[in-house]
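Undergrad: I am attaching a structure below and will ask some questions about it afterwards.
The values are calculated or read from the model by the stated rules, or taken from the named source; none is laboratory data. Fair warning: this is a prediction, and the values are worked out from it, not measured in the lab. As a convention, Cβ positions derive from the backbone with ideal geometry for all residues, glycine included, and neighbour counts pool all protein chains shown.
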Amino acid sequence: MSCRELLTLALTLALTWMAGSALAEPGKDALLTRQQGKVEIRRQGSNTWTPVIASRYLTNGDSGQTGPAARAQVQLQFRNLRLAVGPATRFTVAELNRKAGQASLELGWGALRARLKGRTQASENYQVLTPNAVLAAQGTEWVTHYVTLPQDGTPPQGGDALPEGWPPTPPGHTRVAVHEGTVRVQSVPTGAVQLLQPRSTADIGPEGMIVVNPPDFPYPVEASAAPAIERGTTSRGELQGEGSDPLGNPSQPSARPTIPSDSHPSPPHP
């Protein structure tokens with residue numbers, strides 16, 4: 001083999017190794033896609049929020065937020081997990097680990113709707129964390145809403161993200177509605193655990209008390225009637241079904257046009 005051929009082979013192997021390493025790099029498996037309104041990201045260690053025009057990858061420690069009339073979607077390819085991010089919502093990627101199959105998101109305030117395809121033996125490998133609750137998925141579809149406590153004259157955050165059919169969430173409370181499968185709820189202050197069944201709700205207060213199916217928070221009828229969310233026929237991506245928004249609410253056709261089935265989001269910016 002000539003020197004030129006050896007050099008070409010070495011270069012090819014090096015490029016192949018680099019590409020494989022980039023694809024396998026932990027923390028590169030979450031894709032945030034803007035679907036409507038103002039969506040921003042903040043990289044770990046930065047104080048600057050950057051607008052998301054189409055899609056951006058998120059790594060450990062990165063944060064995302066939506067404006068009052070915005071919607072977004074987060075997709076974790078290695079867990080077949082999709083998250084609809086409601087308006088007026090902020091979250092942070094706490095952990096992404098492809099090798100261990102683990103993913104955790106901290107919900108600062110607002111609403112997230114999770115759809116995890118198929119059941120998993122590692123039931124706690126996907127979690128949503130709030131200041132007073134740890135919510136672990138067991139092959140489910142469920143909605144989480146959290147409103148912050150007022151601090152130093154700052155009004156509560158997250159109240160504008162209230163899903164359709166929900167009564168107002170009190171400040172400092174985490175609320176969850178389970179549509180399919182089960183969700184394990186653990187109180188952060190007390191360590192108490194409850195397993196929520198399909199078509200059930202729970203309220204976790206600032207002191208950590210878990211109340212299942214509270215009288216003032218019945219299972220939302222509108223949410224139970226939400227159509228299948230995998231078809232991806234509306235203008236806001238694959239998470240919601242035809243005629244519903246990312247949180248399962250009925251949409252208005254005139255305000256939310258349908259995109260062709262062969263449309264694809266713009267390539268993500270690294």
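Undergrad: Considering only residues that are in a strand (DSSP E or B), hydroxyl-bearing (Ser, Thr, Tyr) and under 16 Å from HIS173 (Cα atoms), look in the range 184-203 and name the one that is modelled with the lowest pLDDT.
TA: Kept after step one, since they are in a strand (DSSP E or B), are these residues of the range 184-203: 184-187, 193-196, 200-203.
After this cut, where a residue has to be hydroxyl-bearing (Ser, Thr, Tyr) as well, the list is 187, 200-201.
Filter once more, keeping what is under 16 Å from HIS173 (Cα atoms): 187, 201.
Values: SER187: 97, THR201: 94.
My answer is THR201.
Undergrad: Quick check: anything in the range 25-33 closer than 25 Å to ALA133 by Cβ, surrounded by fewer than 15 Cβ atoms within 10 Å (Cβ to Cβ) and at pLDDT below 90?
TA: Restricting attention to the range 25-33, the residues satisfying the condition of being closer than 25 Å to ALA133 by Cβ are 27, 29-30, 32.
Pick out the ones that are also surrounded by fewer than 15 Cβ atoms within 10 Å (Cβ to Cβ) and you get none.
Looking through the range 25-33, none of the residues is closer than 25 Å to ALA133 by Cβ, surrounded by fewer than 15 Cβ atoms within 10 Å (Cβ to Cβ) and at pLDDT below 90.
Undergrad: Moving on. Could you please find all residues in the range 32-46 being assigned to a strand (DSSP E or B) and either in contact (Cβ under 8 Å) with a residue 40 or more places away in the chain or not basic (Lys, Arg) (or both)? Explain how you work it out, then say what you get.
TA: Let us first name the residues in the range 32-46 that are assigned to a strand (DSSP E or B), namely 32-36, 39-42.
LEU32, THR33, GLN35, GLN36, VAL39, GLU40, ILE41, listed by residue number.
Undergrad: While we're looking at this one, here's another question. Of the conditions (1) at pLDDT 90 or above; (2) more than 19 Å from ARG184 (Cα to Cα); (3) within 13 Å of the chain's Cα centre (by Cα), LEU96 satisfies every one except a single condition; which number is it?
TA: Just one mismatch for LEU96, condition (1).
Undergrad: Go through PRO206, PRO167, PRO156 for me and flag whichever is out of contact with any Lys or Arg (no Cβ under 6 Å at 6 or more places or on another chain), in a loop (DSSP other than H, G, I, E, B), at pLDDT 90 or above and over 18 Å from LEU76 (Cβ atoms). Can you show your working first?
TA: Working: PRO167 fails: at pLDDT 90 or above; PRO156 fails: at pLDDT 90 or above.
One residue alone meets the criteria, PRO206.
Undergrad: Next question. What is the number of the single condition among (1) in a loop (DSSP other than H, G, I, E, B); (2) in contact (Cβ under 8 Å) with a residue 40 or more places away in the chain that LEU135 does not meet?
TA: Looking at each condition in turn, LEU135 falls short on (1).
Undergrad: Next up: If I filter the range 85-100 for residues that are acidic (Asp, Glu) and crowded, with 19+ Cβ neighbours inside 10 Å, do I get at least one hit? Break it down stepwise before answering.
TA: Filtering the range 85-100 for residues acidic (Asp, Glu) gives 95.
Still in the list and also crowded, with 19+ Cβ neighbours inside 10 Å: none.
No, the conditions are met nowhere in the range 85-100.
Undergrad: Residues that are of a type in the set (Lys, Arg) and closer than 20 Å to ARG82 by Cβ: does the range 193-205 have at least one? Spell out how you get there, then give the answer.
TA: Step one: list which residues in the range 193-205 are of a type in the set (Lys, Arg), which gives 199.
This time we only want the ones that are closer than 20 Å to ARG82 by Cβ, so: none.
No, the range 193-205 has no match at all.
Undergrad: On to the next question. Which one of THR8, THR12, THR48, THR16 is out of contact with any Gly (no Cβ under 8 Å at 6 or more places or on another chain) and modelled with pLDDT of 95 or more? Step through it out loud before you land on a result.
TA: Working: THR8 fails: modelled with pLDDT of 95 or more; THR12 fails: modelled with pLDDT of 95 or more; THR16 fails: modelled with pLDDT of 95 or more.
Matching residue, one of THR8, THR12, THR48, THR16: THR48.
Undergrad: If you scan the range 154-194, which residues turn out to be of a type in the set (A, V, I, L, M, F, W, C) and surrounded by 14 or more Cβ atoms within 10 Å (Cβ to Cβ)?
TA: So in the range 154-194, the residues of a type in the set (A, V, I, L, M, F, W, C) come out as 161-162, 166, 176-178, 183, 185, 188, 192-193.
ALA161, LEU162, TRP166, VAL176, ALA177, VAL178, VAL183, VAL185, VAL188, listed by residue number.
Residues checked against (1) of a type in the set (Asp, Glu); (2) within 18 Å of ALA94 (Cβ to Cβ); (3) touching a Gly at 6+ places or on another chain (Cβ under 8 Å):
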position: GLN127; (1), (2), (3): no, yes, no
position: ALA136; (1), (2), (3): no, yes, no
position: HIS145; (1), (2), (3): no, no, yes
position: PRO155; (1), (2), (3): no, no, no
position: VAL176; (1), (2), (3): no, yes, no
position: GLY181; (1), (2), (3): no, no, yes
position: PRO189; (1), (2), (3): no, no, yes
position: GLN197; (1), (2), (3): no, no, no
position: SER200; (1), (2), (3): no, no, no
